[in-house]
Amino acid sequence: MKPLGVAIIGCGGISLQNHLPGLALCPETKVVALCDADANTLQRASQQTGVTAISTRFEDTVTRDDVHAVIIATPNLFHGPIAHAAIAAGKHVLCEKPIAMNYAEAKGMADAAEKAGVRHMTAFTYRFVPAMRYLHHLVQRGDLGQPYHYRSCRLQDWGTRNVGWRQQKRLAGTGEIGDMLSHRIDFAFHLVGPMKRLVAGLKTLTPVRGGLPNDTDDWVAILAEFTNGASGVLESSKLASGMNEGWRSPDRVEINGSEGSFSFTTGSWNELLFGKTGGPGLAALPVPREFHVWPGSPRDPGVGDPLISFRYDQAVEFINAIREQRPCAITFHDGARMQGVTDAALKSSETGQWVNLLS
């Protein structure tokens, strides 16, 4: 097994909390370089990780001979340029979502990665939740029957605090739809299939956050029709007062079909709710142990907080796909597909009309 060198570009909390512990699970894999445009953030990450090869220029980082793969965790504006530079240098790329500022940019990234023959992955982290993996398995097995309805609801209380670059449209592109609803849009594709058309509303109810301007959406809702005839309702908010944050706040996905209904709550990582058509209601359905860890991951599901540690399997999948010379389970194509829905939702909110999705 040849050693793999990984560079992390963007050294904020998501890299230190999610990506580094995941890479630590991968044999013969080492973080060899760090990059961040902010020198103070970069220095703190260097001290915490012990990595001394640091730079504020991604152009210098992605061309290093000891770097074989790149993880991008910067503000969204820079995802595309960094990914293209890494791809041009022949590096494999894992990029945080949303991977781009619009569908055209996302598709360009996917096409470039395919042409270069490098592995590419979108960080839809919640796909690695054991309950979501089991739900997808059951839907694919036919336990749902014909899909009728999909709904997701993500409610958090972020108040009016400053959220940094995420409240600047110039850097983030969007707010709540790209930040949180993006995962649930991906769920919809993963469980039901492609969308046909949608109508959406986005609102910015906090024009000032932490004393600074905010021009991104903090509430979004989508009503969708899928190509298979199913309907979808998706809502997400940063302003559900009193609802708390993270897994402590409401985060539910429900899907109804001709044979029954399933309900998935992120906080219940090892359990689904299931009810058969005509039955008395939903009842607990434990997630089998074989779904507690991603295939190929050496992670012990009994160690650490299971509502955090499932995220580490994402890096394992990325590294294993590189070693096994196969596509990642979640690619830039998935990121582009989500971005197409985002673009359509923005257009619908502006025009007040239904918008057809790209085929």
Report task. Once you have the Cα-Cα distance between residue 57 and residue 136, take 0.36 nm times their residue separation minus that, and quote the gain in nm to one decimal. Result -> 24.4 nm
Query - Ranked packing of 87-99, 184-196, most packed first, by mean Cβ within 10 Å - result: 87-99, 184-196
**Report entry** Alpha carbon Rg of the stretch 1-109, scaled by the compact-globule rule 2.2 N^0.38 Å
**Finding:** 0.99
Query raised in the report: How far is helix 39-49 tilted off the main Cα axis of the chain, in degrees rounded to 10, range 0 to 90?
Result: 90 degrees
Query raised in the report: Stretch residue 104-residue 284 to full length: gain in nm at 0.36 nm per residue minus the Cα-Cα span?
Result: 60.6 nm
Query raised in the report: If the limit is 26 Å between Cα atoms, which of 30/169; 115/169; 107/347 go over it?
Result: 30/169; 115/169
Query raised in the report: Along the three principal axes, how long is the chain when you take its alpha carbons, biggest first, rounded to the nearest angstrom?
Result: 61, 46, 41
Query raised in the report: Hey, got the dipole for the chain? About the Cα centre, +1 on K and R Cβ, -1 on D and E Cβ, debye to the nearest 20?
Result: 120 debye
Report summary line: Restricting to aspartates and glutamates and to Cα separations under 17 Å from residue 238, and discarding same-chain partners fewer than 8 apart, the set is 157, 176, 179, 215, 217, 218, 251
Report task. Can you tell me how much longer the chain between residue 16 and residue 227 gets when fully stretched, taken as 0.36 nm per residue apart minus their C-alpha distance, in nm with one decimal? Result -> 72.0 nm
Query raised in the report: Say each of residue 78 and residue 38 gets a label point 7 Å from the Cα, pointing the same way as Cα to Cβ; how far apart are those two points in nm?
Result: 1.1 nm
Query raised in the report: Between residue 204 and residue 1, what is the spin-label point distance in nm, taking each point 7 Å from the Cα along the Cα→C-beta axis?
Result: 4.8 nm
Query raised in the report: At a Förster distance of 35 Å, what's the computed FRET efficiency of residue 356 paired with residue 247, Cβ-Cβ distance as r, to 0.05?
Result: 0.50
Query raised in the report: In nm, to one decimal, how far is the residue 148 label point from the residue 30 one, both placed 7 Å along Cα→Cβ?
Result: 5.8 nm
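Only the coordinates and a few stated rules stand behind these numbers; no lab work does. Values in this document were obtained by computation on a predicted structure and should not be read as measured data. A quick note on method: Cβ atoms are made from the backbone with ideal geometry, for glycine too, and the neighbour counts reach across all protein chains shown.
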